[in-house]
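Heads up, the thing below is written out as structure tokens.
The values are calculated or read from the model by the stated rules, or taken from the named source; none is laboratory data. Model, not experiment: these values are computed from the prediction. Note that each Cβ is placed from the backbone with ideal geometry, even for glycine, and that neighbours are counted across all protein chains shown. For accessibility, only protein heavy atoms count, side chains too; no ligands or nucleic acids. Shrake-Rupley method; radii C 1.70, N 1.55, O 1.52, S 1.80 Å.
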Amino acid sequence: MRRAFAAVFSVVLAFGCPAPAAADDTATAAAKASYERGLAEHARGRLASAARAFAEADAAVPSNEAIEAALDDAVAADDPVLGMTLVARAEGRPLDARAARARDAARRAFERRVGEVVVVCPAPSTCTVRVDDGPPVAPAGPLLVGVGAHAVMVSRDGRTTTTRVDVAPGA
């Protein structure tokens, strides 16, 4: 089934836009490379890595094929945070029937297994947030995390504090 996605995705990438600009060419190339990496990872049975690669392809150039593949592999890899991140992304745009089914399946599988951590950084401060030693991110909105206990490290204007939080489903 993923081979069919690759063929359709390649056609959409090649012919989807008349005379794309250079930035569009860069995004299209990035999407194609990520999608092909997702296909390879899926074929090797590395479903978590495949889901991330398909999600990157969809972020570069949104497509039903990429979001469906990302959602399916996130469910198969049992990655609730990525799955619900993709559900939120998919809810903001029109989907074909297959992608909508994949979105709904991911929501059913994961909606009770994630919650949100919200960090407010008052202006003019600059902040970064790390959850459980994950990568630092700028707090641009709620951060999805798995249900349970987490260590949230907030660096604000050069000072770092760590707070332990217990995240409930949907919280």
_Net lengthening on full extension, residue 157/residue 126 (0.36 nm per residue, minus Cα-Cα)_ = 10.6 nm
*How about the range 43-114: which trypsin sites (Lys or Arg not before Pro) there are in a DSSP loop, with at most 11 other Cβ atoms within 10 Å of their Cβ?*
44
_Equivalent ellipsoid semi-axes, the chain, via Cα gyration tensor eigenvalues times 5, rooted, Å_ = 32, 20, 14
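Hey, can you find the accessible area per residue of the chain for me, probe 1.4 Å, expressed in square angstrom?
Averaged over the residues of the chain, the accessible area is 55 Å².
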*For the chain, what % of the accessible area comes from carbon and sulfur atoms, probe 1.4 Å?*
57 percent
*Relative contact order (percent, whole number), the chain, Cα cutoff 8 Å, 6+ residue spacing*: 15 percent
